[in-house]
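Every read-out reported here was derived from the displayed coordinates using simple, explicitly stated rules and does not represent laboratory data. This one's a predicted model, so the numbers in the text were calculated from it and none came from an experiment. Note: ideal-geometry Cβ built from the backbone for every residue, glycine included; neighbour counts use all protein chains shown.
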Amino acid sequence: MWYQTKASEILGIKYPVLQGPFGGNLSSVALVSTISNAGGLGGYGAYTLSPQEIIQIDRQIKAATNKPYNINLWVSDTDAANGEVSDEQYKIAQQLFKPYFDEAGIALPEKPPPFKSQFENQVEVILHQKPPVFSFMFGIPSADILEQCQRLGIVTVGAATTLDEAIALESAGVDMIIASGFEAGGHRPSFLASAESSTIGTFVLVQLIKEKVKTPVIAAGGIANGRGVAAALLLGADAAQIGTAFLATDESNATAMHREMLFSEASKYTSLSRAFTGRLGRGITSRIAKDLFNQEKGFLPFPLQRQFMSPLNAAANEQKKWDMILFWGGQISPILKHKKAGELMKSIVEETTSYFDNLKV
Ligand SMILES: Cc1cc2nc3c(=O)[nH]c(=O)nc-3n(C[C@H](O)[C@H](O)[C@H](O)COP(=O)(O)O)c2cc1C
């Protein structure tokens, strides 16, 4: 059967279909448990959460499903040297973004205190709570952390945007590699070269990695239905990870407007921008991303740019100034159909089965 792959075996799931984790408070326990209970692998993006919050989420997921699930962190969670920027750099960002804060009628934020990386403390919680699967992006955890995961029976999954990154993940001994194509919604998780120079499409990346790497590969980016899952598996992927299509369902923690935008005509146009967080990410093209294209020098490094934009995002939401918000989403949005996560999962499984039946493979 098409679903009996190395990935479904290692993950202990029926169908090799992963619901991609969403950072920045867009994941939900309801979405994770719906997909895990349906035989896939639900995923919770936890990189912005405190260790205590991760413990609570993990307990809630364990109460909602007895099937495997995934918790996701960002290995590198800051690009700012010592977590801060100079006053001069902060002033440049304030000047560049002042017109938008003025338009929303809110004050420019004061320079925040230095940001302290949270990863070390967050990963302690992973080792303590032992979710069945720990996935991560923006780097590779230390050999010590990976060894502890192995000893505790936690399956590790790392994201690659290039063949070099996949080779580095394999050398470190991770259990599975996500081939993260540039079609995908959300941040580009590049960690060896710049995200701008690591923009390979999912189906090329899967084939490059399959050629050189033995670790099972999960295709992510631009897959939203059974046709996409079947195509990924035929190209050699051992599983598919689907993000945007699950983000658009009622069970995700996206706002009603965000979900509406993913089903709207506007979703035909997406772009990669650093304007909203400081790291390159894909969302429905917004006015600010368009206006400030090529002005990256004036942006703050991640996550200071994210903190800086947060009051503007809140004000724009309140005032319904939709063109000032980055609605995260991938290039595949215009073909989305399902608003219920369970129905989407069921349809993906049925469609994939019917593609493989017709191919008689
Ligand atoms: C809003 C949003 C947030 C995301 N956050 C994370 C994250 O924190 N960690 C992660 O590994 N992947 C993250 N992703 C990537 C997804 O898990 C998944 O790999 C990707 O969405 C697949 O591509 P698709 O959007 O074309 O389906 C995010 C994607 C989106 C759309």
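In table form, for the structure just shown:
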| quantity | calculated |
| --- | --- |
| Residue match in the range 282-294 (condition: more than 25 Å from I92 (Cα to Cα) and either more than 15 Å from the ligand (Cβ to nearest atom) or crowded, with 21+ Cβ neighbours inside 10 Å (or both)) | yes |
| Qualifying residue in the range 105-116 (condition: within 20 Å of E296 (Cβ to Cβ), hydrophobic (A, V, I, L, M, F, W, C) and surrounded by 16 or more Cβ atoms within 10 Å (Cβ to Cβ)) | yes |
| Any hit, the range 320-336, residues being in a loop (DSSP other than H, G, I, E, B), more than 24 Å from F246 (Cβ to Cβ) and in contact with a strand residue (DSSP E or B) (Cβ under 9 Å, 6 or more places away or on another chain) | no |
| Output for the range 337-361, where each listed residue is touching a residue at least 24 places away in the same chain (Cβ under 8 Å) and either crowded, with 22+ Cβ neighbours inside 10 Å or polar (S, T, N, Q) (or both) | A341, L344, M345, S347, I348, T352, T353, S354 |
| Some residue of the range 125-137 being within 14 Å of the ligand (Cβ to nearest atom), of a type outside the set (D, E) and in a helix (DSSP H, G or I) | yes |
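Yes or no, residue by residue, for (1) surrounded by fewer than 24 Cβ atoms within 10 Å (Cβ to Cβ); (2) more than 20 Å from the chain's Cα centre (by Cα):
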residue	(1), (2)
V213	yes, yes
A224	no, no
R227	yes, yes
I242	no, no
A248	no, no
E260	yes, no
